[in-house]
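Here's the structure, in C-alpha cells; my notes come after.
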Amino acid sequence: MSAEPSTAATLDLLLRQRYSCRAFLPQQVDTATITRILEIAQRTPSWCNSQPWNAVITRGAATDRFRSAIFDYAASHEREPDFAFPREYRGVYLERRRECGFQLYESVGIARGDREASARQTMENYRLFGAPHAMIVTTDEALGVYGVLDCGAWVNNFMLAARSLGVASIAQAALGAHPKFLRSYFGLPADRLVVCGMSFGYEDAAHPVNRFRTSRAAPERVVTWVDE
C-alpha cells in the first residue's frame, strides 16, 4: 500500500520546519499538548518492541529549579557522559560541524575565534535557552547500543510531533553530559543511562539565534546504489 502524496508532503514539511530552537518564550505548554506529543512519539519502532525510552519532564517551578541547579553544576564540573562523545570530527563531518557552528555564532554576533564568547553561548544549554520545559531521556543499560538507537528514534519523533503541534525543541547532548548529577537530582536508578536531554516550549521567533537553518547533504552524497 503506497502512501498518499499528501502524507509524504506533510512529513517533508515537518522535517523542514523542525529546527534546533535556542531561544524560547516563557509560556508553558499545557499538559494536554505534551501528552499528545508523547502519545504520537510512543509509536516509535524499537528493537523487539522493547520501547526502552524513559523520560523525566519538568514544568513550572521545577524547570527553574533544575535550570539553576544544572547550570551551577556544569559551570564547575567536567563532562562525564554515560556514552562517549565523538572521538573526533574529520572530513565532511568536520565541515558540516563547522558550518553549523559558524551559522550559530554569526547569528548572535560572536566573532570567529572568540573562545570566551563561544563558551558563554555553550553554557546557554544549561539555562535551557529559556525554555519552560526540560526533558531527560534514559535507556536501560542492559540494552546497550540498541537501546540508545531506539531512544534516538523516539527523540526524533518527539520533536516532529512537537513541531506538528506548534511546539519547538532542541535535543541536547550537553544536558546528558552530567549523568551522575542527573541520577542524583531526579532519583534515577543506577541502571538507567542518560542518552540526552531536551529543552522545549514555544519559540521566540524574534530572536536572531532562531533565524538560521542548517543545510542537508543531497541523497547521492550518502547513498551507494548496488544494481547487480
Please grab the % of Cα pairs in the stretch 1-51 that end up more than 15 Å from each other.
-> 72
Could you work out the helix-only [θ] at 222 nm for the chain, with each DSSP H run of four or more residues adding -39,500 (n - 2.57) and the total divided by the number of residues, to the nearest 500 deg cm²/dmol?
-> -13500 deg cm²/dmol
Nearest-5 percent of antiparallel DSSP beta bridges in the chain?
-> 95
In sequence order, calculated HN-Hα J values of the stretch 107-123 (Karplus, 6.51, -1.76, 1.60; Hz; x Gly/Pro) = 5, 10, x, 9, 6, 4, x, 7, 5, 5, 5, 5, 5, 5, 5, 4, 5
Once amide H atoms are built 1.01 Å from N in the peptide plane, which residues 5 or more positions from Cys196, or in another chain, come under 5 Å H to H?
-> Val137
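Around Ala161, under 11 Å between beta carbons, what's the net of Lys plus Arg minus Asp minus Glu among the other residues? Spell out each step's value before the answer.
Working: positive: Arg18, Arg36, Arg43, Arg163; negative: Glu39.
Around Ala161, the surrounding residues sum to +3.
Just rank Asp114, Asp140, fewest to most, by other beta-carbon atoms within 10 angstrom. List each step's numbers first, then the result.
Working: Asp114 13, Asp140 16.
If I rank by nearby Cβ atoms, fewest first, I get Asp114, Asp140.
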A correct fewest-to-most ranking of Thr31, Thr44 by other Cβ atoms within 10 Å would be Thr31, Thr44
Tell me, what is the percent relative contact order of the stretch 98-184, built from C-alpha pairs under 8 Å that lie six or more residues apart?
-> 21
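Let me know the volume per residue of the alpha-carbon convex hull for the chain, in Å³.
It comes to 171 Å³ per residue, whole-number rounded.
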Square roots of five times the C-alpha gyration tensor eigenvalues of the stretch 2-87, ordered largest first and given in whole Å, equal 30, 20, 16
Those trypsin sites (Lys or Arg not before Pro) from the stretch 1-82 that are DSSP loop and have at most 15 other Cβ neighbours within 10 Å turn out to be Arg43, Arg59, Arg79
By the C-alpha gyration tensor axes a ≥ b ≥ c (rounded if a/c is under 1.5, else prolate when a/b exceeds b/c, else oblate), the shape of the stretch 124-228 is oblate
Compactness summary of the stretch 41-122: radius of gyration and Dmax from Cα atoms, Å, are 17.8, 48
Would you mind giving the three semi-axes, in whole Å and largest first, of the ellipsoid equivalent to the stretch 74-155 according to its Cα gyration tensor?
-> 27, 18, 13
Starting at the first residue of the stretch 25-36, write each ³J(HN,Hα) from the Karplus equation 6.51 cos²θ - 1.76 cosθ + 1.60 with θ = phi - 60°, in whole Hz, x for Gly and Pro.
-> 7, x, 4, 5, 8, 5, 4, 4, 5, 4, 4, 5
Per DSSP, the loop-located trypsin sites (Lys or Arg not before Pro) within the stretch 97-134 having at most 16 other beta carbons within 10 Å are Arg112
The chain: relative contact order as a whole-number percent, Cα under 8 Å and 6+ apart | 36
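Every number in this text was worked out from the coordinates using simple rules, so none of it is lab data. What you see is a predicted model, and the numbers here were worked out from it, not measured in a lab. Cβ coordinates were reconstructed from backbone atoms using ideal geometry, including for glycine residues, and neighbour counts include every protein chain displayed.
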